[in-house]
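Here's the structure we're looking at; comments come further down.
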Amino acid sequence: MTLAHSGKTRKFTVTSSDDGLRLDRVLVRHAPEFSRARIQSFIRNGLVKLNETVPRPSDTVRLGDRVVLIEPPAESLDLQAEAIALSVLFEDNDLIVINKPAGMSVHPGAGRNSGTLVNALLGHCKNLSGIGGKQRPGIVHRLDKGTSGCLVVAKNDAAHLDLSRQFADRTVEKIYLALVAGKLRRHSGTIDAAIARHRVHRKRMAIAREGGREARTDFKVVRSGVTATLLECRLYSGRTHQIRVHLQHLGHPVLGDREYAGARAGKFPRPMLHAWKLAFDHPQTKARMRLVADLPADFESATRELLP
């Protein structure tokens, strides 16, 4: 299978809104379908020119600078398609929305080349967008391995670009359900705290005292018990582990979360976090799509046990 993506050249001139910023950050703004890490790899591989010279990712751009990005051509896909059953919430020629099960990684990684959502998608879909690269075809956004729920995948580049811009512009509605430790003193609130990588534990994230990437999570109580609370959480940004870090910061970590809840994780084998609702504009028809992912059995069981 070949990714549905062909190389092309993008050119733009730096405006006042980008003046003084790092080149890699500016490129992420102009090409939001690519991660910052992938943009940096483009720069290091000579696919980016700044005023007709080969730059570094950390170079600062100035008003009027000319930037050229040459996207890599389509790659031959060497991942294996696998016959893994998918819970499909919606599908057409442009996209597919999945209710991802907990325990399934979204894409292959180090030492993990099978059993992922990408492997399952390759077995289910004839075409996927190639913008995400060989390891992440069609992947517009991600969910942690232990998180279940709504995830939209692009089948072609046009859909991928449109959906990526919606995520970047924060017009996508993302609502999660989280079963957390303890009883909250207030019914609702907002956690507005920047997030950065943990200084010691590099696979974890943490609230940043300075720097970091801004992040906002709104929450409200759905049901409350003596030892646990069911929260509805709305994301206005999509930082790595955002809800998990923010709820730990609130003093009510997600149950089952071994990384952030510590001894308060309880007996649950995975974080009790579910991407419940997802809303976005269809990239082709522009109709507002509203998807709801049913709760998995383990989440329902935990809720019944703790919130009778």
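The values are calculated or read from the model by the stated rules, or taken from the named source; none is laboratory data. Here the structure is a predicted model, which means the values were calculated and not measured. Every residue, glycine as well, gets a Cβ built from its backbone with ideal geometry; the counts of neighbours run over all protein chains shown.
Just so you know, in region 123-147 the residues that are of a type in the set (D, E, K, R) and surrounded by 19 or more Cβ atoms within 10 Å (Cβ to Cβ) include one that is modelled with the highest pLDDT, and it is Asp144.
Among the residues here, Val245 qualifies as β-branched (Val, Ile, Thr), surrounded by 21 or more Cβ atoms within 10 Å (Cβ to Cβ) and without any contact (Cβ under 8 Å) to a residue 60 or more places away in the chain. When you scan region 246-259, do you find a residue that is within 20 Å of the chain's Cα centre (by Cα), modelled with pLDDT under 95 and farther than 23 Å from Val172 by Cα, even just one? The answer is yes, given that some residue of region 246-259 is within 20 Å of the chain's Cα centre (by Cα), modelled with pLDDT under 95 and farther than 23 Å from Val172 by Cα.
In the set (1) under 25 Å from Pro308 (Cβ atoms); (2) among the hydroxyl-bearing types (Ser, Thr, Tyr); (3) modelled with pLDDT under 95, Thr240 fails one condition alone, (1).
Give the residues of region 264-308 that are among the polar types (S, T, N, Q) and in contact with a Lys or Arg (Cβ under 9 Å, 6 or more places away or on another chain), sorted by residue number. Quick ask: steps written out before the conclusion?
Kept after step one, since they are among the polar types (S, T, N, Q), are these residues of region 264-308: 284-285, 301, 303.
Correct list: Thr303 only.
So, restricting to strands (runs of 3 or more DSSP E) that lie completely within region 165-217, which ones have at least 2 residues that are at pLDDT 95 or above and within 30 Å of Lys286 (Cα to Cα)? I'd like the intermediate steps shown before the answer.
On the way: elements: 173-181, 188-192, 195-197, 205-207.
Passing ranges, in order: 173-181.
Residues that are within 16 Å of Ile243 (Cβ to Cβ) and free of Cβ contacts under 8 Å to residues at least 40 places away in the same chain within region 163-188 comprise just one, Ser188.
Being under 21 Å from Leu278 (Cβ atoms), touching a residue at least 60 places away in the same chain (Cβ under 8 Å) and within 14 Å of the chain's Cα centre (by Cα): is that true of Arg136 here? Criteria not met by Arg136.
Please go through region 219-269 and give me each residue that is of a type outside the set (A, V, I, L, M) and in contact with a Cys (Cβ under 7 Å, 6 or more places away or on another chain), ordered by number.
Across region 219-269, the qualifying residue is only Phe219.
Across region 140-154, the number of residues qualifying as without any contact (Cβ under 8 Å) to a residue 60 or more places away in the chain and among the β-branched types (Val, Ile, Thr) comes to 1. Return yes or no: is Arg112 modelled with pLDDT under 90, under 20 Å from the mean Cα position of the chain (by Cα) and under 30 Å from Ala279 (Cα atoms)? So Arg112 does not fit the description; no.
Conditions tested, residue by residue: (1) hydroxyl-bearing (Ser, Thr, Tyr); (2) free of Cβ contacts under 8 Å to residues at least 60 places away in the same chain; (3) farther than 16 Å from Thr190 by Cβ.
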{"position": "Gly211", "(1), (2), (3)": "no, yes, yes"}
{"position": "Asp218", "(1), (2), (3)": "no, yes, no"}
{"position": "Val254", "(1), (2), (3)": "no, no, yes"}
{"position": "Ala263", "(1), (2), (3)": "no, yes, yes"}
{"position": "Leu273", "(1), (2), (3)": "no, no, yes"}
{"position": "His282", "(1), (2), (3)": "no, no, yes"}
{"position": "Arg288", "(1), (2), (3)": "no, yes, yes"}
{"position": "Leu291", "(1), (2), (3)": "no, no, yes"}
{"position": "Asp298", "(1), (2), (3)": "no, no, yes"}
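The requirement of being assigned to a strand (DSSP E or B) and in contact with a Lys or Arg (Cβ under 9 Å, 6 or more places away or on another chain) is satisfied by Leu151. Looking only at region 226-240, residues that are surrounded by fewer than 22 Cβ atoms within 10 Å (Cβ to Cβ) and under 24 Å from Thr171 (Cβ atoms) come to 8 in all. Among residues that are touching a strand residue (DSSP E or B) at 6+ places or on another chain (Cβ under 7 Å) and either among the aromatic types (Phe, Trp, Tyr) or buried (at least 17 other Cβ atoms within 10 Å of the Cβ) (or both), Ala206 is included.
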